[in-house]
Amino acid sequence: MNLPSPAGRGAEGEGTDVSNDFRCHVKRHLVILLLLAGLVHAQQADEPEPPKTLTPGKGVELTVARCVTCHEATHITRTKLSRDEWEFNIKNMIERGAQIAPNEIAPILEYLATYYNRDAPPPPAAAASEGDAITKLLNANACLACHQTNKRVVGPSFQEVAAKYGADGTAGAGIATRLRQGSSGVWGAAPMPPNAGLSDADARQLVAWILQQK
Ligand code: HEC
Ligand code: HEC
């Protein structure tokens, strides 16, 4: 059975045939334009914005704690130096007032010379591992300005926290809540301000990691 075709369909069909040629031209030009745009884009991509956080890797926590205080991490991420120049840079920063113990220079230099070396590309980024996620969270929330793994700074060391709660499997939720809402009086007079930007899941992930520090 022949269904009646909707009115005007035939005319549209012819119109399409006529305009196909024209469309082809437009298409070709579009393709060329897109190619050009791609080239321009690729050139711009040669100079991307410097990353705002340091690449996760061995020594990153110490480097953040010592170097990302007077200025942002971009001072480092936009700079590629040789190992010797980084060594000189660290001395220079100490002269400018950076508080870096003599035995901390080597691990910081090792980190900088590994990830921001002009002469050697950084090692390929490890597949997004739990460690990277933790480093990102610690960086993004400035936790390391007040905490270190093995030394009390403004707040308790992560090892102290693990020692206090480690055996108590139910402690995590309460710690995660204090992490998000702020805490005072548990460890001393200094309060921890709320970390309002931290989701519950992120807080729990951080706490689980902290409680493993030995
Ligand atoms: C006591 C404050 C302080 C600390 C801590 C500090 N810096 Fe600096 N840094 C400065 C000042 C001041 C300058 C020069 C002015 C500017 O560029 O902001 C500077 C400049 C730099 C520059 C040059 C930036 C550029 O774009 O040319 C680099 C690289 C750098 N710092 C790396 C580091 C590293 C690595 C550490 C840790 C080892 C560190 N800084 C710790 C104060 C500090
Ligand atoms: C401005 C400083 C500061 C910052 C930033 C900070 N903390 Fe704290 N933190 C403290 C202080 C001080 C305490 C002790 C508070 C108390 O006695 O109740 C503390 C306590 C803690 C505790 C123990 C809580 C408990 O219930 O015993 C953990 C875990 C912790 N912080 C982790 C973190 C993490 C993770 C971050 C980043 C998301 C962070 N802190 C950011 C200062 C800080």
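The values are calculated or read from the model by the stated rules, or taken from the named source; none is laboratory data. All of these numbers come straight from a predicted model, not from anything done at the bench. Don't worry about glycine lacking a Cβ; one is built from the backbone with ideal geometry, like all the others, and counts go over all protein chains shown.
What the table below lists for this structure:
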quantity: Residue among ARG96, ARG78 that alone is charged (D, E, K, R) and within 26 Å of CYS146 (Cβ to Cβ); calculated: ARG96
quantity: Number of the condition not met by SER129 [criteria: (1) more than 9 Å from ligand 2 (Cβ to nearest atom); (2) modelled with pLDDT of 90 or more]; calculated: (2)
quantity: Count of residues meeting criterion [polar (S, T, N, Q) and either part of a loop (DSSP other than H, G, I, E, B) or within 16 Å of ligand 1 (Cβ to nearest atom) (or both)] in segment 152-207; calculated: 5
quantity: Unmet requirement for ALA208, which otherwise passes all of (1) surrounded by 12 or more Cβ atoms within 10 Å (Cβ to Cβ); (2) near ligand 2 (Cβ under 10 Å from one of its atoms); (3) of a type in the set (A, V, I, L, M); calculated: (2)
quantity: Residue match in segment 149-158 (condition: farther than 22 Å from LEU54 by Cβ and near ligand 2 (Cβ under 9 Å from one of its atoms)); calculated: yes
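So that you can scan it fast, the table gives a plain yes or no per residue for (1) more than 18 Å from the chain's Cα centre (by Cα); (2) part of a helix (DSSP H, G or I); (3) farther than 12 Å from TYR116 by Cα; (4) within 16 Å of ligand 2 (Cβ to nearest atom):
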| residue | (1), (2), (3), (4) |
| --- | --- |
| GLU49 | no, no, yes, no |
| THR53 | no, no, yes, yes |
| LYS58 | no, no, yes, no |
| THR63 | no, yes, yes, no |
| CYS70 | yes, no, yes, no |
| ILE76 | no, yes, no, no |
| GLU85 | yes, yes, no, no |
| PHE88 | yes, yes, yes, no |
